[in-house]
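Notes follow once the structure below has been shown.
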Amino acid sequence: MFIEVGIMFAAYFGVRIYERYKDIKEPGKETLNIEPSKDIAKDSLGDDDINGSNHELQHYHKAGLASMGVSFLRESVFPVLAPFSLGLYIYTAMPYMKRVEDSLAKDRKVNVDVLFFLADALTLGASQYFTASLGVWLMNAGKMSVEMAKDQSGKSIIDVFDQLPQKVWVLMDNVEVEFPLKNIKINDIVVANTGEKIPVDGIVTEGMATVDQHTLTGESQPAEKTVGDRVFAGTIVFAGRICIKVEKSGEDTTFSKIRQILTNSTDFKTGVQLKGEKWADNSTLPMLGASCLMLPFTGPVTTAVFINSHIGNRIRVLAPMVTLNHITAASEKGILIKDGRAIESLSEIDTILFDKTGTLTTEVPKIGDINLYDNYKEEEILCFAAVAEHKFTHPIATAIRKKFEEINLLLPDMDDLQYKIGYGITVIMNGTVLRVGSMRFMMEEKITIPSKVSDIQNRAHRKGNSLIYVAVNDKISGSIELKPQVRTEVREIISGLRSYGIEHIAIVSGDHRGPTEKLAKELDMDDYYYDILPEKKAEIVEKLQKEGRSVCYIGDGINDAIAMKKANVSISLSGAASIATDTAEVVLMDGSLSHLYNLFDISKRLHGKLKKCLAYTIAPGVANFSGAFIFHYSILTSMLVNAGFGIVAMKDAMLPPKEITRK
């Protein structure tokens, strides 16, 4: 009965001995690889051999189908096919047996591969050749399904990446010259015309164009790009012509980094998958022992059916497929999931902390009142501030320069300016010392502070505004009021988050109490934290976690990095320009909160699907356990029960997640 099982093991060990002999005789030469590489999928994305990730699995998948066909003919019509049938079966089982060997010899562990291979060996020993071939085919098909889901998860981005032009037009001495994309260097000027894909990351130096960048941001509305704007590889010039100074090309582009992040995000296991795998691992050894005790009394058929009641690999197949499907749905909305676990963890979040500036408000504030404490005019105070800030790109400097340009003022000659930068800016202009900065800076510089400064400061803070002070020589001569501009989508987003089970929403800000408190009340926040330095933000996260809260931190920059690492889930609005340095687990690529609803919708849907995964995993196990001892299933019946539930579960797992209707 078990002669063919012995032949199978003899053939396998013969191959392994031959491989080791070849290694000794010809060191360094590759031997037969009967286990598909785990790293192929990671390394192949974007390469010419992108199909290599699944090539071996597909090969064994087809060989398994052939083995099933020949085995069926052997059992039903042509017994003479026995040698050919056994040979095909052994060939398709080789990767499976290699995994069993690795588990026992390298990991010193009895896992589900060992358990199910025992069932398949019992099936072969019971002369049920078609059923044995089906068992091996199902194992290989499950692994192939996961690899296919990994490929599909980044397909929308990978497809576009593969279609980037191989040759581009470069502007040289006002003449357009065609070059291979791989030869493009930093600071080259690349030309992109209507209908063409932008091949590099860079800054527009000439022209104007409407650019479709939905592959990066998820926004269907094209963006207007002109001189000074940044553009990204993989986006499309909808109309117009632009010249682009190259900042990044090839694998350094944002587009390529996003593709790499999507690939890496597939390697993380969800909590449900880990829980299911733990159940499977904990029950494997006892089930193996029980099977060995049963075999002499119940025979190979009942023992194999009993083994098939194990939850086995189902959770290892279904959970990744569901998660990858939801990661793909998120990427189509312009939501980049850098850690696959984050999207599941969002369903458990009950507390959200928002960084204020750049997250709830736009980065660049609006200039309000200009207050005078001396004999200078408003235009002069604004001019002094513009002189000090004209070299800088931070939000306050941008706001001051913008206001200065709006009223058509001209900067004085600045060739002889001397700068000193600390907590504020000190500039010497024609013998006059200008200082621009916060009240803290003025006090540290021992600047004379007029008495009415306090009243004006209190009034500004009551309105929710901040002040930047301008001192001429050693006395404050004026101050510029900065009015935060709340993002248009914020009020609706904040009010709607409660429907997702968010119990506590707060602002964390480095700004003063007045502006922070006013904004918190306007947005119906539960709490607010003010005058918070970047390193202190993480302490707030830890404090809330010690109170039993699950915290999501939403910020926009490097100054939020420590808090983001401490939070249960971290979300960034920094956008495509900062993707390489962003520490958040989730990035809203359009730089706004507009897709926050979509993110929570997808997370909630994922949570429900993962719970269904557990049900689909357990149900056939219960059916087969009953079949082993009550209904006396055949081995084929038990496999069909597993396969039937598996097909329904995989079909459900791959359905695109729908948005949840909010009441």
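Since every read-out is calculated from the coordinates, none of them should be taken as a lab result. Every value quoted in this text rests on a predicted model; they were computed, and no experiment measured them. Here the Cβ is made from the backbone with ideal geometry for all residues, glycine too, and neighbour counts use every protein chain on show.
The figures follow:
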read-out: Cα centroid of region 70-118 to Cα centroid of region 345-359, whole Å; value: 51
read-out: Order of His59, His512 under a 10 Å beta carbon neighbour criterion, fewest first; value: His59, His512
read-out: Residue pairs, from the table Lys248/Lys338; Lys333/Lys546; Lys463/Lys566; Lys98/Lys566; Lys22/Lys106; Lys225/Lys463, whose Cα atoms sit over 29 Å apart; value: Lys333/Lys546; Lys463/Lys566; Lys98/Lys566; Lys225/Lys463
read-out: Rule-of-thumb Rg ratio for region 165-255 [Cα; 2.2 N^0.38 Å; N residues]; value: 0.97
read-out: Dipole magnitude of region 165-255, debye to nearest 20 (Cβ charges: Lys/Arg +1, Asp/Glu -1, about Cα centre); value: 100
read-out: Given charges at beta-carbon only (K, R positive; D, E negative), |dipole| of region 366-483 in Debye; value: 560
read-out: Ratio of Rg to Rh over region 304-405 (Cα coordinates, Kirkwood Rh, two decimals); value: 1.40
read-out: Region 165-255, relative contact order [Cα under 8 Å, separation at least 6], %; value: 34
read-out: Tensor-based shape of region 366-483 (alpha-carbon gyration tensor, a/c under 1.5 rounded, otherwise prolate or oblate); value: oblate
read-out: Per-selection metrics, region 493-640 (Cα): Rg and Dmax in Å; value: 22.4, 75
read-out: Among 336-344, 289-297, the order from most to least packed when residues are scored by Cβ within 10 Å on average; value: 336-344, 289-297
read-out: Cβ-placed point charges (K, R +1; D, E -1), dipole of region 314-393 about Cα centre in debye, nearest 20; value: 740
